[in-house]
1. Just to verify a number: FRET efficiency for ALA160 and ILE35, C-beta to C-beta distance, R0 = 22 Å, to 0.05?
2. Loop only by DSSP, 16 or fewer other Cβ within 10 Å of the Cβ. Give me the trypsin sites (Lys or Arg not before Pro) in the stretch 64-147 that pass, ordered by residue number.
3. Could you give the length gained by full extension between ASP139 and ILE106, i.e. 0.36 nm per residue of separation minus their alpha carbon distance, to one decimal place?
4. Can you give me the solvent accessible area of TRP128 with a 1.4 Å probe, rounded to the nearest 10 Å²?
5. Please report, for the Cα atoms of the chain, the Rg to one decimal and the Dmax as a whole number; what are they, in angstrom?
6. Stretched out fully, how many nm does the piece from TYR91 to LEU71 gain, at 0.36 nm a residue minus the Cα gap?
Amino acid sequence: INAQGLLETINAGTATSSGFEGQAIWNATNALSLIGTYGYNKARFDDSFNGRPAQFAGNSFRLSPDHSVSLAARWVADLGGFGTLSVLPSYTWQSEVFFDNDNDPIESEDSYGLLNLSVKLTSPTERWTAEIYGSNLTDEDYIIDAGNTGGSFGIPTFIAGPPLFWGVRLSASY
């Protein structure tokens, strides 16, 4: 197969982006904090450029979800002579994204959410910690990018998001 990359100058026109982000933290008790965030981002190419129709008029910017949400809880327990135990579950969600400004549905990802968890024990002197953690605990299949260089050759590449992952961390300070 003889593939040749083609470079083409495209003027997308002008664009407008508006939105907001917010975060709330509620210290429900001395041991429990609840955290929530929300982001709204309306990033679109405008309808025209210098009086001519823009190629991507009305399309979303690449990798720009309209909505993103995160929720977390942090629980900390004093275990006396055994140290401190902290538990941190979190959930993040984002709406659909496109991987190119042409908003081709083949190069897009539907909304998805990820569940993560960390459980950490810290010594009373804070000289060492032991942690068990996991990310994408529901093993959600999702794509984080597509198109890239391969798209120039007619063979778009797709980059998968990390699958379920867990681990153990031990640390010490002197």
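1. Details: r = 28 Å, r/R0 = 1.27.
Result of the calculation: an efficiency of 0.20.
2. On the way: sites: ARG74, LYS120, ARG127; in loops: ARG127.
Those satisfying the criteria are ARG127.
3. Additional length available on full extension: 9.7 nm.
4. Here the accessible area works out near 110 Å².
5. Expressed in Å, the Cα Rg and Dmax of the chain come to 22.3, 73.
6. Working: separation 20, 0.36 × 20 = 7.20 nm, distance 0.53 nm.
Once the chain is fully extended between TYR91 and LEU71, it gains 6.7 nm.
The values are calculated or read from the model by the stated rules, or taken from the named source; none is laboratory data. On a predicted model such as this, the values are computed, not experimentally measured, just so you know. Please note: Cβ atoms are built from the backbone with ideal geometry, for glycine as well, and neighbour counts cover all protein chains shown. These accessible areas exclude ligands, DNA and RNA; they are computed on the full protein's heavy atoms, side chains included. Shrake-Rupley method; radii C 1.70, N 1.55, O 1.52, S 1.80 Å.
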